Each structure stands twice: as structure tokens, then as C-alpha cells.
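Okay, structure first, notes after.
The values are calculated or read from the model by the stated rules, or taken from the named source; none is laboratory data. Quick caveat: nothing in here was measured; it's all calculated off a predicted structure. Ideal geometry is used to build each Cβ from the backbone, glycine not excepted, and the neighbour counts take in all protein chains shown. We work out accessible area using only protein heavy atoms, side chains counted, and drop any ligands, DNA or RNA first. Shrake-Rupley method; radii C 1.70, N 1.55, O 1.52, S 1.80 Å.
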Amino acid sequence: MSESKGRRNFLKSAAALGAAIPAGAATAQSKAPSHSDHGAHAAPKGAAQSRPYMFLSQAEVAFLDAAVSHLIPKDELGPGAKDAGVAYFIDQQLFGGYGSMAKKYTQGPWPEGTPQQGYQSPLTPAAVYRAGIRDTNAYCQKTYGKTFDALTRAQQDEVLKGLDGGKIELEQVRSQFFFNMLLNNTIEGFFADPVYGGNRDKAGWKLVGFPGVAAVYTPFIEKHNVPYKAQPVSIADITGKIAQVDEHGHAIHVMLDDDQAGV
């Protein structure tokens with residue numbers, strides 16, 4: 001299997017897991033961190049978008065941009081996670097209720113749990129990211145003399161594999177725990193509705209052929225084994241009146257031919 005086909009199959013599998021609507025998706029309603037160097041600020045120079053980050057520092061954004069570009073890389077099939085604004089998506093989630101575990105049980109005890117037992121950590125996701133990025137950068141400085149974002153691609157791959165395999169010890173959080181959270185949030189940000197800050201230009205949806213907001217599919221009921229190829233519609237398209245809706249408020253999908261669908 002070619003690298004491109006492998007990437008597409010991976011992303012289709014990830015989308016099928018329900019990443020199109022992220023479990024932690026929330027508007028930025030929680031208060032910003034009290035640290036003066038982590039307040040709202042513009043995107044780093046050269047970033048593809050200019051919306052202000054509310055939680056992450058510029059150094060943390062640089063780390064995430066470098067990391068997510070490995071987890072879902074850009075290739076001939078389309079943009080990767082960095083270009084799709086995944087770091088901004090993660091920032092918005094960490095600034096909101098997901099980052100503070102606003103709707104989660106936060107009392108102990110915190111023994112090592114099984115995957116079926118859900119979140120088992122005294123740290124909130126916001127604290128996990130802050131500690132994980134800081135400790136990983138400290139490891140990179142000690143090992144390579146540079147922060148993660150300044151390493152070569154090969155070195156960054158080595159570090160990510162070390163985190164994934166638990167071979168790198170971080171001071172405040174288990175490396176695998178941090179890596180798995182980063183990977184899951186990257187997939188969510190790549191496939192979530194663009195209204196949450198990621199999936200810029202609906203890059204993730206276009207890659208796997210997801211049409212976005214549900215429409216009325218009655219005319220297609222009898223069309224068996226026929227691919228449904230439509231121009232994806234987001235929540236923002238509906239609220240911004242960019243996309244057409246019927247008299248019931250359902251999206252009206254614009255159908256694409258094979259060339260437009262990228263087949």
C-alpha cells in the first residue's frame with residue numbers, strides 16, 4: 001500500500017470513530033490562565049491564521065504545530081493538521097470547558113486505570129498539555145540542545161515515538177498519556193466542524209468525502225451503491241447564511257462531479 005493510500009485509510013478510520021463532532025468541543029467560556037505569559041495573543045508570525053490564541057503561549061503553539069504536522073502530515077492528497085489549524089482548535093478546547101474538565105468528575109483517588117475506565121488523572125487536560133510540552137521540550141534541550149520545534153523532522157519523529165512508546169520519562173505526566181491525548185485531539189481538530197477552530201477550509205472533510213451538516217436525503221434513498229459526493233457544509237456556513245437551507249432549516253447540499261470530489 002502506498003503512503004498516500006495508507007494516510008487516507010487511516011484518516012477515514014479516524015473519522016469513522018466519531019471525530020467529526022469532538023467529545024470535548026466547547027466554546028471558549030472558561031477564564032483564561034492567570035499566568036501573564038499565557039494570556040490571549042496573536043498567532044505566531046507566519047501562522048496560516050491570525051485569530052488570537054487564548055491559552056497556549058507562542059512556544060507551546062510552535063511545539064503543537066510541529067507535532068501535529070507529523071501525526072497528520074501534508075501530502076499530495078491535501079493539507080495536514082498544521083495547515084488545518086489543529087493547534088488553534090486545541091487552544092480553544094483547553095481554554096474552554098474541556099481544558100478545565102468543567103463537566104467531569106475531578107475528585108480522587110487516581111490509580112492507574114484501564115482504557116475502559118476513562119480519564120484517570122488529577123491533572124486537567126490544560127495542565128497535561130502545559131506540563132507535557134514543557135517536559136518534552138526540557139528532554140529535547142537535554143538530548144539535542146534544542147526545543148522540539150527546532151529539531152529535524154527525523155529527530156521529532158524519534159521524540160514522538162519515544163512518547164508513544166513510553167520510553168521518554170516526563171516529570172509531571174506519563175509520556176504515553178500525554179501523547180495519546182495529543183493524538184486524539186489532533187484527530188478531533190482535523191475532523192471537527194470548522195466552527196470549533198480546526199478543519200480549516202474543511203480540509204479533513206474533503207479528504208474523506210464527509211458532507212458536513214446533515215441534509216434531507218429522501219431523493220437518494222433508492223440510489224443504491226452510489227457515492228454521495230457533496231460540497232461540505234459547516235455549522236458556520238449555516239449560521240453565516242453562506243450555505244442554502246430548505247424551509248425546515250436543513251442544509252441543501254451542492255453535489256459534485258468526480259473531478260470536483262477529487263476522485
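Could you list all residues from region 92-138 that are farther than 26 Å from Tyr196 by Cα and in contact (Cβ under 8 Å) with a residue 60 or more places away in the chain? Scanning region 92-138 gives Thr136, Asn137.
Tell me, please, whether a residue that is open to solvent by 60 Å² or more (accessible area, probe 1.4 Å) and free of Cβ contacts under 8 Å to residues at least 12 places away in the same chain can be found in region 71-91. Within region 71-91 (the criterion being open to solvent by 60 Å² or more (accessible area, probe 1.4 Å) and free of Cβ contacts under 8 Å to residues at least 12 places away in the same chain), the answer is yes, since at least one residue qualifies. In a residue-by-residue description of region 223-231, the property of being touching a His at 6+ places or on another chain (Cβ under 9 Å) and open to solvent by 30 Å² or more (accessible area, probe 1.4 Å) applies to at least one position. Looking at region 231-238, is at least one residue under 26 Å from Tyr119 (Cα atoms) and assigned to a helix (DSSP H, G or I)? Looking for residues that are under 26 Å from Tyr119 (Cα atoms) and assigned to a helix (DSSP H, G or I), one finds none in region 231-238, hence no. Are any residues in region 108-130 in a helix (DSSP H, G or I) and more than 21 Å from the chain's Cα centre (by Cα), and if so, which ones? Scanning region 108-130 gives Gln116, Gln117. In this entry, Leu56 passes the filter for residues that are closer than 17 Å to Ala127 by Cα, at pLDDT 95 or above, open to solvent by less than 10 Å² (accessible area, probe 1.4 Å) and not in a helix (DSSP H, G or I).
Given the criteria in a helix (DSSP H, G or I), more than 30 Å from Gln117 (Cβ to Cβ) and not hydroxyl-bearing (Ser, Thr, Tyr), does Val195 qualify?
Answer is yes for this residue.
Checking each residue in region 85-110 for being farther than 15 Å from Asn184 by Cα, touching a Gly at 6+ places or on another chain (Cβ under 9 Å) and of a type in the set (A, V, I, L, M, F, W, C) picks out only Ala102. Tell me, please, whether a residue that is within 30 Å of Cys140 (Cα to Cα), modelled with pLDDT of 95 or more and exposed (fewer than 15 other Cβ atoms within 10 Å of the Cβ) can be found in region 197-217. No - not one qualifying residue is present in region 197-217. All conditions in (1) open to solvent by 40 Å² or more (accessible area, probe 1.4 Å); (2) under 30 Å from Ala236 (Cα atoms) hold for Leu182, with the sole exception of (1).
Taking each residue of region 148-167 that is modelled with pLDDT of 95 or more and looking for partners that are open to solvent by 70 Å² or more (accessible area, probe 1.4 Å) with beta-carbon atoms closer than 6 Å, six or more apart or interchain, yields Gly166/Gln176.
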